[in-house]
């Protein structure tokens, strides 16, 4: 039953944060969505004004409010550039949860999140099933991507195929021990692959393990874990998010590693920022556990440069080409990580690194935003891609597998042969010259 009073009371709890916004318009100048639509409801200050209006019962059509608040990339550009320090992304996440508690989750999302995503074993089996028959509907293109065979839905969308064998299953087939015997550094490092690396880019995940072991870490594969939960909480599904966070946090603690490492910008940001944010309001006991885990979790680039010894390769040779770098929003804007990936890329003498204009502008992916607003997402991606290729690069590197998917889509649409790589792949190559 819808309880408007409870909804307004929830938003009143956010009012102290809402009134901090000075309506200065700084968010307007950096919002990738507003730059496409020029609509005030698409920019942070417009959304914050609407939320304040709900708390004061100025709006009765909550369904429309829900649509406005969910039409956002959650890229954090506004929060990173706010002179008043308004934690816009945190506010929007809490608002989405409150709105879904009022409106209710759609049947489709209930099935996807609460029946599939929250059950890692079933989720893995389902994707394995799809991987075996995806060739029926999907064909490979010459632009390092795939697309639908027939004209249905987003038929012009390009995407990677589901890997026939996931990263964790591949490691089991290779008889890789769950815990490696390498103890040169004395560090026990748990590697959390996340969904996209595990299911779509297992080669990259395997290279992460190689790098960690090369530098002397004893690696534990966190193979029983599930999704980090960001798709659920971004859609306002608190129930699924808490279930996944609790499952993962308990397993992380059970593995008992010195550090936990990911190579996915979104997973890292979710574990370090979103897990503590949400759990602090829901479960104090679990919140303390999550805070400890978040402090021990590192993005792979920062972990290598801060916790492991990095040696400059003495090898040199003919340049393979120019490489540029796209800053994932969840690395630079959320976690302040931008120098580390560049340092690792520059370790490879076979590439010439060239910085692009607006390297930290959003690529337009935004997870479910790409599914719900594909046309806008692609326009944002087109702007990003144009800035990247102005460097005359042959390679584009980034530290986020979701960003890789978005840039590959735009590159294929532009019939470009530029190669999209995870920055860690380029560093891995430098260790194998």
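The values are calculated or read from the model by the stated rules, or taken from the named source; none is laboratory data. No experiment lies behind these values; they were computed from the predicted model shown. So basically every Cβ, Gly included, is an ideal-geometry build from the backbone, and we count neighbours across all protein chains shown.
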Quick one: in the stretch 120-134, of everything that is in contact (Cβ under 8 Å) with a residue 24 or more places away in the chain and surrounded by 12 or more Cβ atoms within 10 Å (Cβ to Cβ), which residue is farthest from residue 227 (Cα to Cα)? 134
Out of (1) assigned to a helix (DSSP H, G or I); (2) within 19 Å of residue 373 (Cβ to Cβ), what's the single condition that is false for residue 32? (1)
Need the failing condition index for residue 16 against (1) modelled with pLDDT of 90 or more; (2) part of a helix (DSSP H, G or I); (3) exposed (fewer than 14 other Cβ atoms within 10 Å of the Cβ), just the number. (1)
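Each row is one residue, and each column tells you yes or no for (1) within 20 Å of residue 206 (Cα to Cα); (2) crowded, with 21+ Cβ neighbours inside 10 Å.
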{"site": "342", "(1), (2)": "no, no"}
{"site": "351", "(1), (2)": "no, yes"}
{"site": "358", "(1), (2)": "no, no"}
{"site": "416", "(1), (2)": "no, no"}
{"site": "429", "(1), (2)": "yes, no"}
All but one of (1) at pLDDT 95 or above; (2) on the phi > 0 side of the Ramachandran plot hold for residue 256; which doesn't? (1)
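Hey, any hits in the stretch 151-164 for a residue that's closer than 22 Å to residue 404 by Cα and in a strand (DSSP E or B)? Steps first, please.
Applying the first criterion (closer than 22 Å to residue 404 by Cα) to the stretch 151-164 yields 153-164.
When the remaining residues are screened for being in a strand (DSSP E or B), the result is 159.
Yes.
Kindly provide the set of residues from the stretch 384-401 that are surrounded by fewer than 23 Cβ atoms within 10 Å (Cβ to Cβ) and touching a residue at least 60 places away in the same chain (Cβ under 8 Å), ordered by number.
Taking the stretch 384-401 as the starting set, the residues that turn out to be surrounded by fewer than 23 Cβ atoms within 10 Å (Cβ to Cβ) are 386-387, 389-395.
Across the stretch 384-401, the qualifying residues are 391, 392, 393, 394, 395.
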Every residue in the stretch 160-177 that is farther than 15 Å from residue 195 by Cα and either buried (at least 17 other Cβ atoms within 10 Å of the Cβ) or in contact with a helix residue (DSSP H, G or I) (Cβ under 6 Å, 6 or more places away or on another chain) (or both), please. 171
Can you go through 257, 267 and tell me which one is crowded, with 17+ Cβ neighbours inside 10 Å and part of a loop (DSSP other than H, G, I, E, B)? 257
Test: residue 246 is part of a helix (DSSP H, G or I), under 14 Å from the mean Cα position of the chain (by Cα), touching a residue at least 12 places away in the same chain (Cβ under 8 Å) and under 25 Å from residue 101 (Cβ atoms): no
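Could you go through the stretch 96-107 and let me know if any residue there is surrounded by fewer than 17 Cβ atoms within 10 Å (Cβ to Cβ), out of contact with any strand residue (DSSP E or B) (no Cβ under 8 Å at 6 or more places or on another chain) and outside any helix (DSSP H, G or I). Don't jump to the end; show me each part of the working.
Keep residues of the stretch 96-107 that are surrounded by fewer than 17 Cβ atoms within 10 Å (Cβ to Cβ), which gives 103-104, 106-107.
Retained after the next criterion (residues that are out of contact with any strand residue (DSSP E or B) (no Cβ under 8 Å at 6 or more places or on another chain)): 103-104, 106-107.
The next check asks that each one be outside any helix (DSSP H, G or I); those that pass are 104, 106.
Looking for residues that are surrounded by fewer than 17 Cβ atoms within 10 Å (Cβ to Cβ), out of contact with any strand residue (DSSP E or B) (no Cβ under 8 Å at 6 or more places or on another chain) and outside any helix (DSSP H, G or I), one finds at least one in the stretch 96-107, hence yes.
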Give the residues of the stretch 146-171 that are at pLDDT 80 or above and within 24 Å of residue 374 (Cα to Cα), sorted by residue number. 146, 147, 157, 158, 159, 160, 161, 162, 163
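Answer yes or no as to whether residue 324 is crowded, with 23+ Cβ neighbours inside 10 Å and farther than 20 Å from residue 229 by Cα.
Working: crowded, with 23+ Cβ neighbours inside 10 Å: yes; farther than 20 Å from residue 229 by Cα: yes.
The answer is yes for residue 324.
Considering 272, 289, which residue is touching a residue at least 40 places away in the same chain (Cβ under 8 Å) and over 18 Å from the mean Cα position of the chain (by Cα)? Can you show your working first?
On the way: 272 fails: over 18 Å from the mean Cα position of the chain (by Cα).
Going through 272, 289 in turn, the sole match is 289.
On the given criteria, is residue 227 within 23 Å of residue 74 (Cα to Cα) and either in the same structural domain as residue 95 (by TED's automatic domain parsing) or part of a loop (DSSP other than H, G, I, E, B) (or both)? Spell out how you get there, then give the answer.
Details: within 23 Å of residue 74 (Cα to Cα): yes; either in the same structural domain as residue 95 (by TED's automatic domain parsing) or part of a loop (DSSP other than H, G, I, E, B) (or both): yes.
Considered against the rule, which asks whether it is within 23 Å of residue 74 (Cα to Cα) and either in the same structural domain as residue 95 (by TED's automatic domain parsing) or part of a loop (DSSP other than H, G, I, E, B) (or both), residue 227 comes out as yes.
Here is a yes/no grid of residues against (1) within 21 Å of residue 235 (Cα to Cα); (2) in contact (Cβ under 8 Å) with a residue 24 or more places away in the chain:
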position	(1), (2)
8	yes, yes
22	no, yes
39	no, no
49	yes, yes
Mind listing whichever residues of the stretch 67-88 are in contact (Cβ under 8 Å) with a residue 60 or more places away in the chain and within 25 Å of residue 375 (Cβ to Cβ)? 70, 71, 72, 73, 74, 75, 76, 77, 88
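For residue 193, indicate whether it is outside the structural domain of residue 367 (by TED's automatic domain parsing), over 21 Å from residue 366 (Cα atoms) and surrounded by 19 or more Cβ atoms within 10 Å (Cβ to Cβ).
Numbers: outside the structural domain of residue 367 (by TED's automatic domain parsing): yes; over 21 Å from residue 366 (Cα atoms): no; surrounded by 19 or more Cβ atoms within 10 Å (Cβ to Cβ): yes.
Against the criterion (outside the structural domain of residue 367 (by TED's automatic domain parsing), over 21 Å from residue 366 (Cα atoms) and surrounded by 19 or more Cβ atoms within 10 Å (Cβ to Cβ)), residue 193 does not qualify.
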